[in-house]
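The values are calculated or read from the model by the stated rules, or taken from the named source; none is laboratory data. Keep in mind that this is a model prediction, so the values were computed, not measured. Positions of Cβ are generated from backbone atoms using ideal geometry, with glycine treated the same way; all protein chains shown enter the neighbour counts.
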Amino acid sequence: MFVHQIHLPHHKHSAENETIELPLPAKVTISMAQHLGAPCAPAVKIGDKVKIGDVIASSEAVMSAPVHSSISGTVTAITDVLHISGKYLKSIVIESDGLGEVSENIKPPVIDSREDFLKAVRESGSIGLGGAGFPTSMKLGFDPKEKQPDTLIINGAECEPYITSDYRCFMEDGEKVLDGIKLIMKWLAIPKCIIGIEKNKPKAIEKMTKLCRDIPEITVMGLKSSYPQGAEKTLIYSTTKRVVKEGMLPISSGCIVLNSSTVAFISEYIKTGMPLVRRRITIDGNIVGKPQNVMVAVGASLSEIVSFADLKKEPDRIILGGPMMGSCAFDLDYPISKTNNAVLLFADTPVYEPSACIRCGRCVRACSMNLLPTELEHAFDAGDVKKLSDLKVHLCVNCGACSYVCPAKRNIAEKNQLAKNFVREQLQKMKKE
């Protein structure tokens with residue numbers, strides 16, 4: 001199989017700057033949907049006192065992860081907050097008491113079995129820190145009797161422009177990454193691991209290669225610096241030459257993929273018992289005077305971060321995540337969530353008016369899943385469910401490469417996402433009828 005990819009400018013301006021710890025914010029707004037899957041229900045009420053690490057929301061659903069307080073203080077509101085998805089999500093507002101007190105419940109978990117390990121991962125609130133937000137406990141909670149993976153793949157590609165948070169994780173917390181890998185391989189009986197890092201990060205490759213030099217079960221693999229190298233299915237093929245078929249999960253290919261920052265966090269949690277209440281975020285963009293990675297409390301507002309960025313002028317676009325797959329925030333009051341790995345701020349951004357498709361085929365050559373984006377667009381515009389399904393619309397990974405290369409500036413990637421939702425809705429309607 002030939003995997004199409006494109007080349008993007010890297011803009012890794014913050015790569016060699018050590019991460020800075022930001023002060024705890026005066027207030028946090030923490031959403032109950034910090035992950036893919038079922039949102040949590042509040043476990044606190046207005047007026048309650050909380051400390052760092054206290055559980056403030058949870059769910060019994062398998063595809064979920066508990067939410068913890070990132071500061072100490074008082075719960076002042078439980079309200080609906082408009083999310084960048086366009087939905088209102090239940091959120092807990094906590095006003096800081098300025099003490100930064102850690103919960104008395106924080107202690108390293110005792111792990112003597114696979115079940116203990118999976119329970120600890122669940123209680124840590126761990127999710128995919130690369131941006132997808134898939135609950136880690138669900139990804140690792142496979143039934144070994146049905147499918148036992150033989151390869152753990154660590155995603156260190158970080159192929160989006162600007163973002164360097166995973167790179168800084170390797171450089172500053174490489175030992176934690178390795179320790180997390182060992183824990184997962186041990187308790188889940190996974191015999192080998194591949195750490196995939198793009199070749200435009202030679203220092204990270206060198207560091208991890210040195211750390212793993214006496215561990216034959218772990219291989220550090222330099223990957224082609226192209227986009228979307230970090231997409232899960234693309235990464236699996238690049239590292240193992242295995243193909244994840246339509247409708248199947250990566251474990252069907254014998255692989256489990258975890259982000260490097262997620263693995264480092266698991267190591268830290270097992271040692272300290274401190275749940276996921278903060279994360280490393282890249283700050284960059286064409287108006288940022290100090291491109292940097294910062295460690296910030298979950299729920300802090302963008303204004304807390306931007307005040308550190310030394311902006312040259314007011315932004316007209318704020319992107320959470322990378323410029324290819326990220327989402328635009330409404331304003332600087334928007335709160336950071338576990339899934340945000342970057343805040344990119346731009347001014348004087350061009351606005352393009354889409355024109356007619358000239359059938360140049362660039363989007364077809366750019367698609368990493370070998371789809372036909374122009375045909376998908378036509379099928380969606382025609383409301384043709386069967387054709388969308390025949391064209392494998394659900395294989396689209398929403399990387400945005402098709403829109404990026406389109407000379408007519410058509411919103412092809414956006415249409416693909418609308419098409420996937422359209423097909424799902426129509427199929428559900430057919431089942432009910």
**OP:** Within segment 254-275, track down each residue that is over 23 Å from Asp143 (Cβ atoms), surrounded by 24 or more Cβ atoms within 10 Å (Cβ to Cβ) and aliphatic (A, V, I, L, M).
**Re:** Ala264
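Residue by residue through segment 87-113, note down the ones that are in a loop (DSSP other than H, G, I, E, B) and basic (Lys, Arg).
Within segment 87-113, the first condition is being in a loop (DSSP other than H, G, I, E, B), and the residues that meet it are 87, 97-101, 103-113.
Matches in segment 87-113: Lys87, Lys107.
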Subject >> Identity of the residue in segment 195-223, among the β-branched types (Val, Ile, Thr) and more than 20 Å from Thr164 (Cα to Cα), that ends up surrounded by the fewest Cβ atoms within 10 Å (Cβ to Cβ) >> reply: Ile215
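Taking the stated definitions as given, is Lys290 of a type in the set (D, E, K, R) and without any contact (Cβ under 8 Å) to a residue 12 or more places away in the chain? Show your work before the answer.
Working: of a type in the set (D, E, K, R): yes; without any contact (Cβ under 8 Å) to a residue 12 or more places away in the chain: no.
When the stated conditions are applied, Lys290 does not pass them.
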Original post:
Which one of Ile358, Ile412 is over 26 Å from Gln229 (Cα atoms), hydrophobic (A, V, I, L, M, F, W, C) and either surrounded by 14 or more Cβ atoms within 10 Å (Cβ to Cβ) or modelled with pLDDT of 90 or more (or both)?
Top reply: Ile358
**OP:** Return yes or no: is Gly174 assigned to a helix (DSSP H, G or I) and at pLDDT 95 or above?
**Re:** yes
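Out of all the residues in segment 27-42, which are farther than 30 Å from Ala204 by Cβ and either crowded, with 16+ Cβ neighbours inside 10 Å or among the acidic types (Asp, Glu) (or both)?
Quick first cut of segment 27-42, residues farther than 30 Å from Ala204 by Cβ only: 27-33, 37-42.
Matches in segment 27-42: Lys27, Val28, Thr29, Ile30, Ser31, Met32, Ala33, Gly37, Ala38, Pro39, Cys40, Pro42.
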Subject >> Filtered residues of segment 119-148 (kept if assigned to a helix (DSSP H, G or I) and in contact (Cβ under 8 Å) with a residue 40 or more places away in the chain) >> reply: Ala120, Val121, Arg122, Glu123, Thr136, Ser137, Met138, Lys139, Leu140
**OP:** Only residues that are buried (at least 18 other Cβ atoms within 10 Å of the Cβ) and in a strand (DSSP E or B): list them for segment 1-26, please.
**Re:** Ile6
Original post:
Just for segment 304-317: of the residues that are of a type in the set (A, V, I, L, M) and crowded, with 21+ Cβ neighbours inside 10 Å, which one is farthest from the chain's Cα centre (by Cα)?
Top reply: Ala309
Original post:
Somewhere in segment 196-211, is a residue of a type in the set (Lys, Arg), touching an Asp or Glu at 6+ places or on another chain (Cβ under 9 Å) and assigned to a helix (DSSP H, G or I)?
Top reply: yes
Original post:
Which residues, counting only those in segment 382-407, are in a loop (DSSP other than H, G, I, E, B) and among the β-branched types (Val, Ile, Thr)?
Top reply: Val397
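Name the single residue that is modelled with the highest pLDDT among those in segment 245-304 being acidic (Asp, Glu) and in contact with a helix residue (DSSP H, G or I) (Cβ under 8 Å, 6 or more places away or on another chain). It would help to see each step written out before you state the result.
The first filter runs over segment 245-304 and keeps only residues acidic (Asp, Glu), leaving 246, 268, 284, 304.
Next, only the ones that are in contact with a helix residue (DSSP H, G or I) (Cβ under 8 Å, 6 or more places away or on another chain) stay: 246, 268.
Numbers: Glu246: 81, Glu268: 97.
Among those residues, the one meeting the criterion is Glu268.
Listed residues Leu320, Leu332, Leu372; which is under 30 Å from Tyr88 (Cβ atoms), without any contact (Cβ under 8 Å) to a residue 60 or more places away in the chain, surrounded by 15 or more Cβ atoms within 10 Å (Cβ to Cβ) and not basic (Lys, Arg)?
When all the criteria are applied, what remains is Leu332.
Taking the residues in segment 57-82 that are of a type in the set (S, T, N, Q) and not in a loop (DSSP other than H, G, I, E, B) as candidates, determine which candidate is farthest from Val93 (Cα to Cα). Spell out how you get there, then give the answer.
From segment 57-82, those of a type in the set (S, T, N, Q) are 58-59, 64, 69-70, 72, 74, 76, 79; that's our starting set.
Now drop any that are not not in a loop (DSSP other than H, G, I, E, B), which leaves 58, 74, 76, 79.
Working: Ser58: 16, Thr74: 8, Thr76: 6, Thr79: 8 Å.
Only one residue tops the list, namely Ser58.
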